[in-house]
């Protein structure tokens, strides 16, 4: 609560397969960064976990110290020994889950992980994603996201993730701005010297947003090549 408002903290974080800027694979370090965020909902991208973990798993995978969260997995591709993709962590009950295929032609498989979350009598639709590196991919993927929103995500909504959107004059983010309201740009990549605002959070209605900031603790600067972005919102 703040000034009588009930607030939610929503975060997005590309964890780079839990490999830090020092080259160390250290999932526990990523878990400590997530704990620093103290967020109600956290969307992770580039998350790697053992291939034998069931898709329906809800307990912490790899980040075992985060046992206060429910985990929802959204793999985009698999190897012989591991899966890779999106993960959603939440402190609140999950009502529905959808996995949206955003793969474009022969490019790297991509996807979005969507969930409806119950919180204190209200609902929040969350759509987390990691878009492709090429402009044509991102245009296609944004259209797919908007189709999902139109079909399933009425009302209170968070769209967040790594949008790989940085080229002036060639941005696809303006399409989401037009539909959902402007999302603040906060520089989050690379983590040691942030120059690009790749990681974004859109909230509908935009009037619910109280603050948006980059979490740049010393630990976060080492744990991944991206910094987490956090939005504090007041549910309508």
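None of the figures in this text is laboratory data; all of them are computed from the coordinates on show. Keep in mind that this is a model prediction, so the values were computed, not measured. Methodologically, a virtual Cβ is constructed for each residue, glycine included, from the backbone with ideal geometry; neighbour enumeration extends over all protein chains shown.
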Under a 10 Å cutoff between Cα atoms, tell me which one of 169, 23, 122 has the largest fluctuation in the Gaussian network model of the chain. 169
In whole Å, how far is the Cα centre of the range 58-106 from that of the range 184-236? 20
Gaussian network model of the chain, Cα springs within a sub-10 Å range: biggest mean-square fluctuation belongs to which of 79, 68, 186? 79
As a test, work out the antiparallel percent of DSSP beta bridges whose residues both lie in the range 130-209, rounded to the nearest 5. 90
Dividing the helical contributions, -39500 (n - 2.57) per DSSP H run of n ≥ 4, by the residues of the chain yields a 222 nm value, nearest 500 deg cm²/dmol, of -5500 deg cm²/dmol
Can you compute the modelled spin-label distance between residue 95 and residue 234, with each label point 7 Å from Cα toward Cβ, in nm? 2.3
Over the range 31-111: Rg over Rh, Cα atoms, Kirkwood Rh: 0.97
The extension gain from residue 222 to residue 64, computed as 0.36 nm times the residue separation minus the Cα-Cα distance, is 54.9 nm
With labels modelled as points extended 7 Å from the Cα through the Cβ direction, what inter-label distance (nm, one decimal) is found for residue 5 paired with residue 105? 4.4
Most fluctuating of 167, 66, 157 in the GNM of the chain (C-alpha, under 10 Å) is 167
Intensity falloff of the range 72-131 expressed as log10 I(q)/I(0), Debye formula with alpha-carbon point scatterers, at q = 0.22, 0.30 Å⁻¹: -0.84, -1.22
Whether the chain is rounded, prolate or oblate, judged on the alpha carbon gyration tensor where a/c under 1.5 counts as rounded: rounded
The range 8-233: relative contact order from alpha carbon pairs under 8 Å, six or more residues apart, as a whole percent, is 22
Extension gain (nm, one decimal) between residue 174 and residue 26, 0.36 nm per residue minus Cα-Cα: 49.7 nm
Estimated distance in nm for a label pair at residue 167 and residue 135, the labels positioned 7 Å out from Cα along Cα-to-Cβ: 0.4
